[in-house]
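Structure first, commentary second.
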């Protein structure tokens, strides 16, 4: 403003000019505040997400105070202060601006992380326990970056500090390699989405159960014996996963049946399908069906295939259908053979003396 007054030939006290400049910047700051509150907030309210509303709320205060601090720098130039004092004022102002935006970025990233994880959690079943972990990670990242910027502002040599931090990072990474492996295993599970909470899975280690929690370090499954197993994500990421609940919740039940040769196979097929249809755990579509698998050594080997409502009731369904099959076979006389051998004794004539 001093240059503008000189251009028009007006000479005023530098302190008076500085006061006018400060008032102007305060007014501009309030106008910007009104722009955020009245205009931008009204615009973002028209969107379907609440994320932009929260970001605008987190931004308008930092912008307000930043503009005032920029005004302080300009006012300082109007006062013609010494270089030493000017450097100190610049350092203080730039430090305050850095701190303002460090805390602003921490708040904004916390909002984004919470919103994103909640949305992803509803789609994939990822545990929301990861929210504090990611928020703290970004908080530490921004604080360290802010401290580095402040040291640069005050002309402190940060090279030794960064070198020490690099060495410490290597030491920490080596000490926490298993934790990092689980962390990246959790990320791979999140990206691939092999299962969700509530799914029944079976690993190649033969663990089978319902997924009850997906964490950033481990996945917890509850077995049919109501035992909770916590498996590190690094192991799961390198395992073969059989998801019995995907792509549909229904689960196909296979029941092998062996009957004696000579059995009426058409009657057998109709009986097995009827028993399956009457079971309350079996869904009508797809329909149960029977297949002849092979001609065994002592039996005709059939297989009844039907779809249960969910994998959790597989054992109970097989038990119920097996009981009904055995009762029905006894009732109508269908024989379930068992292994047997025919022994033929061949005698030879007495040897002549």
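Only the coordinates and a few stated rules stand behind these numbers; no lab work does. All values reported here derive from a predicted model rather than from experimental measurement. Here the Cβ is made from the backbone with ideal geometry for all residues, glycine too, and neighbour counts use every protein chain on show.
Points worth noting:
- Linear extension gain, residue 289 paired with residue 345, 0.36 nm per residue minus alpha-carbon span: 15.7 nm
- Approximating the spin labels as points 7 Å out from Cα along Cα→Cβ, the residue 143-to-residue 269 distance works out to 7.2 nm.
- Spin-label pair residue 254/residue 316, simplified geometry with 7 Å Cα→Cβ offset, distance in nm: 2.4
- Amide N of region 209-237 lying under 13 Å from the label point, which is placed 7 angstrom from the Cα of residue 202 along Cα→Cβ: 209-210, 224
- Three semi-axes of the equivalent ellipsoid, region 251-332, Cα gyration tensor, whole Å, largest first: 22, 13, 11
- On the beta carbon distance between residue 43 and residue 155, with R0 = 56 Å, the FRET formula returns roughly 0.85.
- Estimated FRET transfer efficiency (residue 327, residue 225; beta-carbon r; R0 35 Å; 0.05): 0.75
- Theoretical FRET efficiency, 1/(1+(r/R0)^6), r = Cβ-Cβ of residue 301 and residue 51, R0 56 Å, to 0.05: 0.40
- Region 188-243, Cα convex hull volume normalised per residue, Å³: 68
- Cα centroid separation - region 293-329 against region 201-273, whole Å: 16
- Spin-label model, residue 278/residue 136: points 7 Å from Cα along the beta carbon direction are separated by 5.9 nm.
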